1. From Cα pairs below 8 angstrom and at least 6 apart in sequence, can you work out the relative contact order of the chain, rounded to a whole percent?
2. When the Cα centres of segment 216-258 and segment 447-483 are compared, how far apart do they sit, in Å?
3. Once all Cα-Cα distances of segment 427-574 are split into 5 Å bins that start at 0, what whole-number percent is in each one?
4. On a 28 Å Cα-Cα criterion, which of the cross-link pairs 103/486; 279/354; 234/486; 109/473; 227/486; 262/513 come out too long?
5. Please give every one of the aspartates and glutamates within straight-line cross-link reach of residue 416, meaning a C-alpha to C-alpha distance under 12 Å, and leave out same-chain neighbours fewer than 8 residues apart.
6. Show me, for segment 204-220, the HN-Hα J-couplings you get by feeding each phi into the Karplus relation (A = 6.51, B = -1.76, C = 1.60, θ = phi - 60°), rounded to Hz, glycine and proline as x.
7. Going by amide H atoms built from the backbone, whose H comes under 5 Å of the H on residue 159, apart from near neighbours?
8. Only four residue types carry charge here, +1 at the Cβ of Lys and Arg and -1 at the Cβ of Asp and Glu. Report the dipole size of segment 381-537 about the Cα centre in Debye, rounded to the nearest 20.
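The values are calculated or read from the model by the stated rules, or taken from the named source; none is laboratory data. Predicted, not measured: the structure shown is a model, and the values here were computed from it. All Cβ positions, even for glycine, are placed from backbone atoms using ideal geometry, and neighbour counts span all protein chains on display. The protein model used for the area step is the full one, side chains on, heavy atoms only, and it has no ligands, DNA or RNA in it. Shrake-Rupley method; radii C 1.70, N 1.55, O 1.52, S 1.80 Å.
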Amino acid sequence: RSLAQLVTPDLLVSPSSQDGDLGSECPEDRGNWTGRLDFLLSCIGYCVGLGNVWRFPYRAYTNGGGAFLVPYFIMLAICGIPIFFMELSLGQFSSLGPLAVWKISPLFKGVGMGTILIVSLVAIYYNMIIAYVLFYLFASLTSDLPWQHCGNWWNTDLCLDHHVIKGGNTTFPVNITNTVSPSEEYWSRYVLHIQGSSGIGDPGRIRWNLCLCLLLSWTIVYLCILKGVKSSGKVVYFTATFPYLILVMLLIRGVTLEGAWKGIRFYLTPQFDHLLSSKVWIEAALQIFYSLGVGFGGLLTFASYNTFHQNIYRDTFIVTLGNAITSILAGFAIFSVLGYMSQELGVPVNQVAKAGPGLAFVVYPQAMTMLPLSPFWSFLFFFMLLTLGLDSQFAFMETIVTAVTDEFPYYLRPKKASFSAVICIALFLMGLILTTEGGMYWLVLLDDYSAGFGLMVVVITTCLVVTRVYGMKRFCRDIHMMLGFKPGPYFRTCWMVLSPATMMALLVYNIVKYQPSEYGSYRFPTWAEVLGILMGVLSCLMIPLGMVVAVLREEGTLWERVQQASRPAMDWGPSLEENRTGMYVASLAGSQSPKPLMVHMRKYGGITSYENTAIEVDREMEEEEEESMM
C-alpha cells in the first residue's frame, strides 16, 4: 500500500482514493489554451480594436501630429507596459478570473466587482457598434452604395452630392458650408433614424433592422465563446490576423490615390510646441490606457488560462509594441484617404477629419463612394472593423463568464455554455434601448461614462494593493517562481511610483477638466449626466462595499479584522500542486508536507530549472526570517 502510494503521483490519484479532497479541489476542468499561439493572438485581438482605427489617428492629428508619438511612447513605457505585465502575471500565477484573483487580498475584492460592472456596461454598447458595422456590411453588398447619392426618401434639401459638383462645370463657387453629404444623412436619418427622437429622454421606436443586427452580433459572439477559450482561442487565428491583411490593402489603395500625401502631411507634420501643454500628455496616456485594455480584466482572464511557466514577459512586449505599430499604420490608411477626399471636395483636410463613429460611418464610407469598385472597398473596410471589434468583445464576455464561474466552480463550471447563453441574452436585452431612434444618445452616454474615472480608480487600486499591501518583494518573488527571473528595476520603479502617479494625474485631470457629454449640437440634460456619473461612481463604490463585507467575515477587533482580511487567503498561490514550491507548498487542502522541496522531488522526480528557482527562493526566505529574528 505504502509503496504503491509513493509511485503514483498525486495528480493521477483518482478523487475516490484516500486523498478525496484533493481531487475535488483541483481546477482540472477549468481548461487551458490548446495551441501555442492562442494566448498571444487573443491578446493581440483584444488590444487591437476599433480605437486603433478611429481614435488614435485623430488624437495624433489634433495633438501635434508626429510630435504626439513622443508622449505616446513615453506613456507606453511608464504606464502601458508595466501595468500590462502586472495584470498578466497576476492572472497566470493564480489561474483565477478577475474576481477570485482577489484571494491575494480579500479586503479588496470590491475591485474585482467594479471591474465586472465596467466590463458589462462596455460589452453592452460595444456590441451595438458591431451591430452598426454589420448593418453597413450588408448595405455594401450592392452594385451601387446606398449612401452614394441624394434623392432617397431619407434625404433633405440640404443634401449635396459631390458627384454633381465634380460633374457639372463649376464656374460658380459652390457654397458647401451648410450642406450635408449623402453619407451623413444616410447614417443619421436612415440607419439611426435619429429625427424620430427629440433627445435622450425620448427614445422613440425600436429600429427593427438594427435590432436584428444586434441579435446577429450577439449570436456570433455566443457561438465563438461557447466552449470558452477552447473555441475563442481558435477563432482569433482569423479575427486577429485578418484585419492586418485588409489594413495593408487599404493602405496601399490609400497611398496610391492623388492627394494622399496631403492627408499624410496633416497627420504627421510634427508641431513640437504642443508638447508643452499638459493636455497632450494626458491624451497620450488615455490613448495607451484604453487601447491596451488594462483594467478591464481581459488580460488577467486570458493569462489565467496559460500554463504556469509561459513566458509572458516576452508576450508583453510583442503585444504592446504591436498595438502601437498597428495604430500608427491605421493612421496612414485613414489619412491618405482623407487627403484624397479633401482634394476631391476642395476643402482643407481638417474639415473632413473626424473621430469615433463619425469617421467609421460617415467620412470613410463617403470616401469609398469616390473610388472605382466602391462596394468592394466598402465591404472590406467594414469587414475589417467587424473582425477588429469581435475579438475585443470575446474578451469582455470571457472576462464576465470566467469571473463568475471561478467564484462558483462547482455549480457553474459544468454548465459554462448555458451560463454564457444567459449572460449574452441578458446583455442583449439591456442593449435594446440602443436600437431605438434615440439609441445613439444612450450609446454616447455609455461610451463617455462607463469606463471613465471608474476604470482609473480600479487600476490605481490594483497597482497599490499589489505593491503596498501584498508587497513588492512577494510579488517579485512570485514572478521569479513563475518565469525564473525577477523583474528588473524598470518594472519595480514603474509599479511602485511612476504608474500609480501617472494614473492619479490622469484621474485628477479627468475630474478637473470635466465636460458634459454632447452629440453633435445636442446637449445632454442634467439627469442624463447624473446617471452617467453614477455609472462611474458605482464601480468605485464596489471597493468600499467589498471591504465592509470582508471585514464582517473576520473575527476580533476592527483593526485585527482589517489586518486579517488584507492578508492573502490560505489557498492563494499557483492552482496546481506541482507548481506550489517554496512558501506555497503546504497551503493547498490535502497536502501536508514537512520539508517542501524533498516531498516535491520525491513526487515529481528530479530537479528542473524551476525547482532550482524554488530552492533559491526558499533559501532567500530562510535568510530573511533569520534577519528578522535578529
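1. Numbers: 910 pairs, mean separation 187.6, N = 630.
Worked out over the chain, it gives 30 percent.
2. That distance is 30 Å.
3. Values per bin, smallest distances first: 2, 8, 12, 14, 14, 13, 12, 10, 8, 5, 2, 0.
4. Values: 103/486 22 Å; 279/354 19 Å; 234/486 32 Å; 109/473 21 Å; 227/486 35 Å; 262/513 33 Å.
With Cα atoms farther than 28 Å apart: 234/486; 227/486; 262/513.
5. 29, 398, 406
6. With coefficients 6.51, -1.76 and 1.60, one gets x, 8, 6, 8, 5, 5, 5, 4, 5, 5, 5, 4, 5, 5, 5, 5, 4 Hz.
7. The list, which skips near neighbours in sequence, is 180.
8. Details: 11 positive and 10 negative charges, 182 e Å.
In debye, rounded to 20, segment 381-537 gives about 880.
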